[in-house]
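These notes concern the structure reproduced below.
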Amino acid sequence: LSASTLPPSPTDVPHSIPIEPRLTARADKIAETVARALAHDALERRLAPGDALDSEQAMLDRFGVSRESLREALRLLEVNGLISIRRGPGGGAFVGTVDPSNLGRVASLYYHMAGATYGELFDAYAFADATLAMRAARHVDADHRRVCMEPFLDDRHADGDLDEYVQRHAGFHSAVAALADNRVLQISLHSLGLLVGRHYIHQVDAHHLTLAEAQESRDFVASDHVAIARAIVAGNHRQAFDLMAEHVAHIIDTLEADGIDRNAVIEWV
Ligand SMILES: [Zn+2]
């Protein structure tokens, strides 16, 4: 860790930029107009992840904008993961995915500038995931609940390398978020947990945690997941809410033990 990335000491009062909601219309820049047209297009043409957009020349001809504006438009979509750009022969712009962790990453810049702390992020994460779990248990289709939770109904997958474990953990929470059956809640609320996950990975990298050190937290995680999955399958929404809130509290304890300071300002990751 370099000095610039260290969290401020408790005696520092971090500076923040005021939160000022304003609902005024702002004229789009050319690049934003083009980016909006491209996003609209991808839906209209029913494109799937990995499908190619038009060639740069075709887009330049169509929109009649400068190469610079077109590239800015593509960059706007690329930073949000909605397209990927490959250079060289066979390159071009390709449809990406809708990944709530990208929303979390963008939001973390806002949280950072507003001086929001990890304590606030943890609080929001507990609220978000408990709410998603409650809604998942209330999903009307019991068969669908069972099918989605089935992979998590036993803890046989607790082994494996750290990356696999992190992916599997995120996979459970993503499955719960999808069962909440509201894409706005799925994307916005789930982005908080994914942001916490990004910080966890960052922390593991920064402190070179070994598998053995990380292993301890896996045991409770796997058994927590089994209990939550069962409550969701059973349609017990109050229990699902409570168990998820407890599970997130467990995770937060682990993160704090690993050195994330709840009074520190959220980093933009
Ligand atoms: Zn979990």
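So for the chain, averaging the separation of alpha carbon pairs under 8 Å that are six or more residues apart and normalising by length, what relative contact order in percent results? Walk me through the numbers before you get to the answer.
Details: 321 pairs, mean separation 71.7, N = 269.
Once divided by the residue count of the chain, the mean separation gives 27 percent.
Report the full-extension gain for the segment residue 98 to residue 58: residue separation times 0.36 nm, less the Cα-Cα distance, to one decimal in nm.
11.9 nm
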Q: Counting only heavy atoms of the protein chains, get the accessible area per residue of the range 27-149 (1.4 Å probe) and round it to a whole Å² value.
A: 57
**Q.** Integer Hz, Karplus 6.51/-1.76/1.60 couplings in order for the range 47-64, x for Gly and Pro
**A.** 6, 10, x, x, 5, 7, 7, 4, 5, 4, 5, 4, 5, 4, 5, 5, 8, x
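How much FRET efficiency would the formula 1/(1 + (r/R0)^6) give for residue 238 and residue 120, where r is the Cβ-Cβ distance and R0 is 22 Å, rounded to 0.05? Don't skip to the answer; put the middle values down first.
On the way: r = 26 Å, r/R0 = 1.17.
Once rounded, the FRET efficiency stands at 0.30.
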**Q.** Modelled FRET efficiency - R0 35 Å, residue 78 with residue 154, Cβ distances, 0.05 increments
**A.** 0.35
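Starting from 0.36 nm per residue, how many nanometres of slack lie between residue 44 and residue 146 once their C-alpha separation is accounted for?
Values: separation 102, 0.36 × 102 = 36.72 nm, distance 3.34 nm.
Extending this stretch completely gives an extra 33.4 nm.
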Q.
Explain nothing, just the number: relative contact order of the range 102-207, from Cα pairs under 8 Å at least 6 residues apart, as a whole percent.
A. 44
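Between residue 256 and residue 67, what FRET efficiency comes out of the Förster formula 1/(1 + (r/R0)^6) with R0 = 51 Å and r the beta carbon distance, rounded to 0.05?
Details: r = 49 Å, r/R0 = 0.96.
Efficiency, rounded to the nearest 0.05: 0.55.
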**Q.** Rounded percent of accessible protein surface that carbon and sulfur make up, the chain, 1.4 Å probe
**A.** 55
Q. How much accessible area does residue 63 have with a 1.4 Å probe, in Å² rounded to the nearest 10?
A. 50
Q: Quick one: compute the contact order of the range 1-145, relative version, from alpha carbon pairs under 8 angstrom and 6+ residues apart, as a percent.
A: 23
Q | residue 245-residue 162 pseudo-label distance in nm [points 7 Å out on the Cα-to-Cβ vector] | A | 3.2
Q: Collect residues whose amide H, placed 1.01 Å from N in the peptide plane, falls under 5 Å from the amide H of residue 115; neighbours closer than 5 in sequence don't count.
A: 17
Q. Packing-wise, with mean Cβ within 10 Å as the measure, how do 98-111, 42-55, 136-149, 15-28 rank, highest first?
A. 98-111, 136-149, 42-55, 15-28
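Any chance you could run the full-extension gain for residue 37 through residue 227? It's 0.36 nm times the residue separation minus the Cα-Cα distance, nm to one decimal.
Fully extending the segment from residue 37 to residue 227 adds 63.9 nm.
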Q) Which whole-Hz ³J(HN,Hα) couplings does the range 242-253 yield from phi under the Karplus relation 6.51 cos²θ - 1.76 cosθ + 1.60, θ = phi - 60°, glycine and proline marked x? A) 5, 5, 5, 4, 5, 4, 5, 4, 4, 4, 5, 4
Q: Specify the angular offset, from 0 to 90 degrees and rounded to the nearest 10, of the alpha carbon long axis of helix 67-79 from the longest principal axis of the alpha carbons in the chain.
A: 10
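The values are calculated or read from the model by the stated rules, or taken from the named source; none is laboratory data. These numbers come from a predicted model, not from an experiment. For neighbour counting, all protein chains shown are included, and Cβ atoms are generated from backbone atoms with ideal geometry for every residue, glycine included. Each accessible area value is taken on the protein alone, full model and side chains, heavy atoms only, with ligands, DNA and RNA left out. Shrake-Rupley method; radii C 1.70, N 1.55, O 1.52, S 1.80 Å.
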